[in-house]
Amino acid sequence: MSFNSEQEEFWAATYAEDYIKKNHEFDHNLGAEVWAKILANIHGEINTFLECGCNIGRNIEQIKQILPNAQPSIIEISEPAFNFVISCHNFNHAFNGAILDSSFDSNSFDLVFTMGVLIHINPDQLLTHMEKMFWYSSKYILMGEYFNRTPISLEYQGEKDKLFKRDFGKLFIKNFSVRLVDYGFLWGHIYDSAGFDDITWWLFEKN
C-alpha cells in the first residue's frame, strides 16, 4: 500500500495494532445515548451512512442501537482493524485504504462522518479530506474532533506531527456550501467509557 502522507503510514502500519488494543472495550449503551443526542436534530431518516476511519467499529456498534435499519459503510486505513470490523458487521460498502484513495459516487450516503480522525490528518491535506466527505454525502456531514481556536500540533504517543487540533467546524463551513444543524461537546469525564474524550462535534447539512 502506498501512502499520501507520513500520517497515513503511521496509522496504517506503525501504530495499527497498538491502537486496536487501546480501543477495544467501550460502554456501548452510553455511546448509543451520545449518538441519539448528536443526531437528534436530523430531519427525515438516515438510511445509509459512511464512517471515514472506523477502526474496529465502536461507532458502528453504537449507532446500530439507535438506527438498526440503516445500512453502514466504512473506510479504514488499518488492515488489522479493517479485517476485525468486517468480521463483526455487514457493510454496504467497505474500503480498506486511505480516505483520499477511496472512490464512491457523489451523494451516496445520507450521513458521512468522522470521529477523532481529522485530528490525525496532515493539515495540508485537510480540505481535500473534507471535500471527499462533502462529495460522498447526500445530506449530512458530521465531524467530532479535538477543538482549539488556533491550529496547533501536539505530540501523540511520543510522535510529532500525528495530532492536530483546530476549529474544524469553522474551516468546513467557510469552505463548503453547508448550514450548521447542531454542535456540542462531549466531556471525557462523563463519556470516556464510551470512547468520547473531550470531543467537540459539528453536524452540517448540505445547502
- Equivalent ellipsoid, the chain (semi-axes from 5 times Cα gyration tensor eigenvalues, Å): 22, 20, 18
- Putting +1 on Lys and Arg Cβ atoms and -1 on Asp and Glu Cβ atoms, find which of ALA36, HIS129, GLY53 reaches farthest to the positive end of the dipole of the chain. ALA36
- Using a 1.4 Å probe on the protein chains only, how many percent of the accessible area of the chain belongs to carbon and sulfur? 46 percent
- Query: In nanometres, what is the gap between the two model label sites at ASN47 and ASN29, each 7 Å from Cα along Cα-to-Cβ?
  - Reply: 3.3 nm
- Within the chain, helix-based [θ] at 222 nm, where runs of 4 or more DSSP H residues each add -39,500 (n - 2.57), nearest 500: -8500 deg cm²/dmol
- Message: Could you give the length gained by full extension between SER108 and ASP197, i.e. 0.36 nm per residue of separation minus their alpha carbon distance, to one decimal place?
- Response: 29.1 nm
- Task: Roll a 1.4 Å probe over the protein chains and send me the accessible area per residue for region 45-171 in Å².
- Result: 43 Å²
- Note on the structure: The pairs in LYS132/LYS206; LYS132/LYS174; LYS139/LYS170; LYS37/LYS139; LYS162/LYS206; LYS64/LYS206 lying past 20 Å Cα-Cα in this model are LYS162/LYS206; LYS64/LYS206
- Given charges of +1 on the Cβ of Lys and Arg and -1 on the Cβ of Asp and Glu, with all other atoms neutral, how large is the dipole of region 83-171 about its Cα centre, in debye to the nearest 20? 240 debye
- Query: Extent of region 151-206 along each principal axis, from alpha carbon coordinates, in Å, largest to smallest?
  - Reply: 38, 28, 12
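The values are calculated or read from the model by the stated rules, or taken from the named source; none is laboratory data. All figures in this text were calculated on a predicted structure; none of them were measured in a lab. When we count neighbours, we look across all protein chains shown, and the Cβ atoms used for this are built from the backbone with ideal geometry, even at glycine. Ligands, DNA and RNA are excluded from the accessible area calculation, which covers all protein heavy atoms including side chains. Shrake-Rupley method; radii C 1.70, N 1.55, O 1.52, S 1.80 Å.
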